[in-house]
Structure formats: structure tokens, C-alpha cells
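Here the structure comes first, spelled out in C-alpha cells, and everything after it is commentary.
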Amino acid sequence: MTTVSRLILAGVLVIAGWGKIGTPVLSVEAVKAYQLLPDPVATAVGYGLPILEIVVGILLIVGLLTRVAGIASALLMLAFVIGIASVWARGLRIDCGCFGGGGQLAAGEEPSYLIDILRDFGLFALGVIIAWFPPGRFALDSALGLTPGRDSGRHDDDPESDDEELREGEDD
């Protein structure tokens with residue numbers, strides 16, 4: 001389940017970042033269209049977001065720093081949901097810029113806020129799954145031994161192991 005979640009979320013992030021990285025001016029314009037950040041911050045976010053999306057996506061694909069990447073992607077998706085909901089609530093008519101482009105909609109174009117929010121909320125849920133569960137055997141974290149095994153010698157629900165640790169600490 002985690003591997004599938006990683007790959008779906010990674011694919012979306014890499015595609016989204018790739019769609020913006022070649023046209024950073026449009027990415028900046030898309031961020032500014034939300035009217036949530038001061039111009040200098042919106043400019044920095046517009047330039048940095050595609051890079052962040054691609055890096056997090058690659059980490060998820062290879063399964064390196066998986067939980068950190070899962071948390072980062074979940075926070076990104078939550079920020080996107082909040083941003084789109086804010087635009088919708090304020091009556092702005094913009095393209096979310098999620099996969100490139102962005103900015104004000106042309107006359108006759110309708111925003112797809114509900115679809116964008118539902119999509120990003122579903123991707124947020126995948127990020128939570130990735131952060132919550134072990135990365136799976138096809139993750140570099142697992143291959144490098146960066147995740148604890150199923151039997152790491154300590155069981156959080158075993159009160160005796162806590163007592164043993166306390167007794168060992170008293171000897172020091």
C-alpha cells in the first residue's frame with residue numbers, strides 16, 4: 001500500500017514540478033494569482049516550488065527519506081488545498097497552476113476548484129499514508145537499513161521493556 005501511494009504521489013509531484021520548471025515566470029505568476037503572499041515571497045515560492053516538487057517526488061520514487069518526503073508532500077498538498085479553497089471563497093477566478101500555467105482565467109473559462117481540492121486532498125491522504133506506515137521493501141530506506149525491522153528488540157506495548165530500560169539507566 002505504501003509503495004503504490006509513494007509512486008502515485010511521486011508521479012504527480014514530478015509531473016507538476018516538471019511542467020513548471022521550464023517556465024519559472026509562469027510559476028511565479030501562478031503563485032501571485034492566489035494573492036496570499038507578499039510579492040517577494042510569492043516570487044521565491046514560484047521559483048522554488050517546482051524544484052521542491054521534483055526533489056520530493058524523486059525521494060518518494062526511490063524510497064529515500066520516505067517518511068520525511070511523505071510529511072513534506074502531505075504539507076504541500078494541504079497548503080494547496082487551503083490556497084485553492086481561499087481563492088474560491090474570495091471569488092477569484094484563476095487557474096491553480098498545479099501543472100504549469102496558472103494566473104487569471106480567460107473570459108469564458110470556468111475554474112475547477114472543487115475537482116482541484118478533491119484531487120489535492122486525496123494526494124494529502126497518500127502523503128499521510130506514506131508518513132504513517134513503513135516505506136515497504138521496494139524503498140531504498142529499507143534496503144539501506146534506515147527503517148527499523150519488524151522485530152527491533154523493543155516493543156512499545158511491552159511494559160517490561162520500559163522497566164528494563166529504567167533499571168539500566170539507574171546503574172549509570
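Just so you know, the Rg over Rh for the chain is 1.14, from Cα atoms, with Rh as the Kirkwood radius. A 1.4 Å probe run over the chain, with the rest of the protein chains in place, finds 59 Å² accessible per residue.
The simple Förster model, with R0 at 25 Å and r as the Cβ-Cβ distance, assigns VAL55 and THR3 a FRET efficiency of 0.80. In the chain, the longest principal axis of the Cα atoms and the axis of helix 2-21 are about 30 degrees apart. Within region 25-102, the ratio Rg/Rh, alpha carbon atoms throughout and Rh by Kirkwood, equals 1.01. Each label point was placed 7 Å from the Cα along the Cα-to-Cβ direction; for VAL68 and THR23 their separation is 3.3 nm. If you take all other residues with their beta carbon under 13 Å from the beta carbon of ILE130, and give Lys and Arg +1 and Asp and Glu -1, the sum is +1. In terms of the Cα gyration tensor, with a ≥ b ≥ c the square roots of its eigenvalues, is region 71-144 rounded because a/c is under 1.5, prolate because a/b exceeds b/c, or oblate? Verdict is prolate for region 71-144. How far is helix 24-33 tilted, in degrees, relative to the longest principal axis of the Cα atoms in the chain, given as a value from 0 to 90 rounded to the nearest 10? Once rounded, one gets 90 degrees. To the nearest 10 degrees, how steep is helix 159-171 against the longest Cα principal axis of the chain, on a 0 to 90 scale? The angle comes out at about 70 degrees.
Apolar share of the accessible surface for the chain: 67 percent from carbon plus sulfur atoms, 1.4 Å probe. Distance from the Cα centroid of region 1-33 to that of region 76-138 is 11 Å (rounded to whole angstrom).
The values are calculated or read from the model by the stated rules, or taken from the named source; none is laboratory data. Keep in mind that this is a model prediction, so the values were computed, not measured. Cβ atoms come from the backbone with ideal geometry, glycine included; neighbour counts cover every protein chain shown. For accessibility, only protein heavy atoms count, side chains too; no ligands or nucleic acids. Shrake-Rupley method; radii C 1.70, N 1.55, O 1.52, S 1.80 Å.
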